Every structure is written in C-alpha cells, then in structure tokens.
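K.L.:
Have a look at this one before I ask anything.
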Amino acid sequence: MNRVLVLMGGTSEEREISLQSGANVCAALEKKGYQVESLDLNKDNLNQIADIAPDVVFIALHGKNGEDGTVQGYLDLLGIPYTGSGVTSSAICMNKIITKKLLSYEGLPTPDFIIMKKNTFDRACFVVRSMVQKIGLPMVVKAATQGSSIGTYIVNKEEEILPAIEAAFQYDDEVMVEKYIDGTLLTASVLGNDSPCVLPIIEITSSNEFYDYESKYTPGMCEHIVPARISQELQDKICRISEETYKSLSCRGFARIDFMVDKLGQPYILEINTIPGLTDMSLVPDAARAVGISYEGLLERLLELALEKKG
C-alpha cells in the first residue's frame, strides 16, 4: 500500500476546514513516502476516483456529501478501502437527531431534546412556551446535519427562540432544541475498529459564549487542556461511555465524542464526529500526541485501520 488518494474540499459549509485538513494530510503522508494524490471533490469529478484507482482513500471531507455516508457508499461500490466509518455509521452520526434517538435507546446520557420539522413547525406563542416548559432556558438550537457548530445557537430569552429556530432552518429542514448543560466541555477521541481505545480526554475552553466556529478555527480563541482537569473517576466513566457509544454506533477508524459535564459531575454526550478535523488546531491530533503518537503516525494508523476493516 503506497498510493493514497486524499478527498478534500467538497461542497459543504465546512469546505474551508476540509481543505486545511486535506492539505495537512497530504503533506504528512508525502513526508512518510506515500504516493499521494488529492481531489477537491464535487459532482463533476466523482468519476476521477475510479480513474485514479488508489490503494486506499483518505477521506478528509467534513459535513454533508462527505461525512454523511454518501462518499462512503460510492467507494464501497468501487471496492476501494477508505478511512473512517462506513455508510450507516456515517449517516447516523452526521444527523444529530437520529444520533440522539439511538443514544436514548441505548441508555447513554445525552441532554433532553425536542425535534422541530420545517414543514410542520407552528410559530404560535403557546409552542414557544411549551418548549420553555419542557427544555427550560437557556436552551440550544441546532440544525440537524451541520458540523463545526454551524447552525447552532444558544438561546437565553424566550423572545430569542423563534429567530434561532428560523436561522437553523436555513441550514436544515429539521432542527433540534436541546437542554443547555452548564458545565465543562470535554472531548474524547477514539481510535480503532473492533477493539477501540480512548485517547486522553481533552478539556476545551473558549473565548466566546460557547465553542463555536470562530473559537474552533481562530488561533488564540480556545485552549485544549490535556489531560482534562477532572478526577480519575470521571475520566474512567467518560472512557467507558465513549467506548460504548463508539461500538453502539458501529464507528470504525476514529471518531471524536463531545461531552458536557454539569456542575454535579454528570457527563452528557453532545455529538459524535466520524471525520474529526485534522487541521493545526484540531483536537484528535492533540490527543494522539499526548500518548506519543505523532501526526504522521496517527495518519498511518488510520490507513492501517482502513485496510483492516476491508480484510
């Protein structure tokens, strides 16, 4: 195995971040001696994947039409192994609402939520009051299938609810209204296929109200604290929940699971990212470095796992 095709860019709202991830991946793999080719994927050049016929595809796409199972399905049809999770897991984890339903079914801790559909959403005042009664304030409004906190809004006042939902509907036809957890933001990076391991948990602080797009990708606006400033008992609990979540949702290769821990020390799963960022400011490379795995070593491990799952 030495011919690697890196898929990057794409057409989602996270295109610019994907280009950064892809450029880093290409440079690192070339440094390790791989024959690397990149493709800024769109509907007009999809057939180039078959023409290039790589040994393995490294998917550095984020968001819709890349992280949601669509590209994974195409590569399965071509019989080309690829990094990360398969079609089903990718599609489920990209959709926050389906993810929440499965987490609830599995008995895994996640904040209470309400689902809103664009074509049936009632903007009457009593609906707003009902949301406040069920979820409380503040609350979090999230577009169902966006990443990097795009289409996510924290609502502190009743009069802000409808504008936030309308804004989220600009990205998706389904919106989730979630209970706001006041506490510490943590993330657990998981690596592996059938026997996954959880890398050191990272605590995230942000200059903004929450860890939004600006905080994630602007130098100096967030801090990654490794290891997280939590008790060993809580670390062990989050590791157990992370491994169970990873297996329950059939993730492969790697994933990042975001948690909020409330003032009582109870962790809640916020979401699962099946193609976490690989930029200079990304979390998974930081977690890997904390256990002595270099950026290049992490990428090589992901390539090995890609071939292992097809074996």
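K.L.:
Starting with the highest mean, order 95-102, 54-61 by the number of other Cβ atoms within 10 Å, averaged over the residues of each peptide. Show your work: numbers first, answer last.
P.N.:
Details: 95-102: 19.5, 54-61: 25.4.
Highest-to-lowest ranking by the protection proxy: 54-61, 95-102.
K.L.:
Between L46 and D262, with labels modelled 7 Å along Cα→Cβ, what's the label distance in nm to one decimal, could you check?
P.N.:
4.4 nm
K.L.:
Still on this model: Does anyone have the angle between helix 295-308 and the longest principal axis of the chain? Alpha-carbon axes, 0 to 90°, nearest 10?
P.N.:
The angle comes out near 80 degrees.
K.L.:
Normalised by the residues of region 45-117, what does the relative contact order come to in percent, with Cα pairs under 8 Å and at least six apart?
P.N.:
On the way: 56 pairs, mean separation 18.8, N = 73.
26 percent.
K.L.:
A further question follows. Please list, in order, the residues from region 161-187 whose amide nitrogen is less than 17 Å from a point placed 7 Å along the Cα→Cβ vector of V127.
P.N.:
Inside the label zone: 161-178.
K.L.:
How big is Rg to Rh over the chain, alpha-carbon atoms, Rh as the Kirkwood inverse-mean-distance radius?
P.N.:
Values: Rg = 19.3 Å, Rh = 19.9 Å.
Result for the chain is an Rg/Rh of 0.97.
K.L.:
Suppose R0 equals 51 Å. What FRET efficiency, 1/(1 + (r/R0)^6) with r the Cβ-Cβ distance, do K31 and K157 give to the nearest 0.05?
P.N.:
Working: r = 51 Å, r/R0 = 1.00.
Working from the Cβ atoms, E equals 0.50.
K.L.:
Between 0 and 90 degrees, rounded to the nearest ten: what's the tilt of helix 232-248 against the longest Cα principal axis of the chain?
P.N.:
It works out to around 70 degrees.
K.L.:
Right, next: Charges only on Cβ, +1 for Lys and Arg, -1 for Asp and Glu: so what's the dipole of the chain about the Cα centre, in debye to the nearest 20? Spell out each step's value before the answer.
P.N.:
Numbers: 29 positive and 43 negative charges, 105 e Å.
So the dipole magnitude of the chain works out to roughly 500 debye.
K.L.:
Over all pairs of distinct alpha carbons, what does the Kirkwood formula give as the hydrodynamic radius of region 55-114, in Å? Mind dumping the intermediate values first?
P.N.:
On the way: mean 1/r = 0.0796 Å⁻¹.
Over region 55-114, the inverse of the mean reciprocal pair distance is 12.6 Å.
K.L.:
Report the full-extension gain for the segment T88 to I114: residue separation times 0.36 nm, less the Cα-Cα distance, to one decimal in nm.
P.N.:
Computed gain between T88 and I114 is 7.0 nm.
K.L.:
While we're here: Tilt of helix 96-106 relative to the longest C-alpha principal axis of the chain, in degrees (0 to 90, nearest 10)?
P.N.:
80 degrees
K.L.:
Follow-up question, since we're still on this one. Determine, at each q value in 0.14, 0.23, 0.25 (inverse angstroms), the log₁₀ of I(q)/I(0) that the Debye formula gives when each Cα of region 113-179 is one equal point scatterer.
P.N.:
For the requested q values the scattering log ratios are -0.33, -0.93, -1.11.
K.L.:
Right, here's the next one. Please report the relative contact order for the chain, taking Cα pairs under 8 Å with a sequence separation of at least 6, and give it as a percent rounded to a whole number. Before the final figure, lay out the partial values.
P.N.:
On the way: 627 pairs, mean separation 61.3, N = 311.
Rounded, it is 20 percent for the chain.
K.L.:
If you don't mind, another one. Positive end of the dipole of the chain, charges at C-beta (+1 Lys, Arg; -1 Asp, Glu), about the Cα centre: which of T187, L299, M131 has its Cα farthest in that direction?
P.N.:
It is M131, whose Cα lies furthest towards the positive end.
K.L.:
With a point put 7 Å past each Cα toward its Cβ, work out how far C197 is from E233 in nm, to one decimal.
P.N.:
Placing both labels 7 Å along Cα→Cβ, they lie 2.7 nm apart.
K.L.:
Relative contact order, percent, of region 1-83 when contacts are C-alpha pairs under 8 Å separated by at least 6 residues? It would help to have the intermediate numbers written out before the result.
P.N.:
On the way: 137 pairs, mean separation 33.5, N = 83.
After rounding, I find 40 percent.
K.L.:
Taking N as the number of residues in region 1-109, what is its alpha-carbon radius of gyration divided by 2.2 N^0.38 Å?
P.N.:
On the way: Rg = 14.8 Å, N = 109, 2.2 N^0.38 = 13.1 Å.
Region 1-109 yields a ratio of 1.13.
Every number in this text was worked out from the coordinates using simple rules, so none of it is lab data. Keep in mind that what you see is a predicted model, and the values were worked out from it rather than measured. Glycine also receives a Cβ, built like all others from the backbone with ideal geometry; neighbour counts cover every protein chain displayed.
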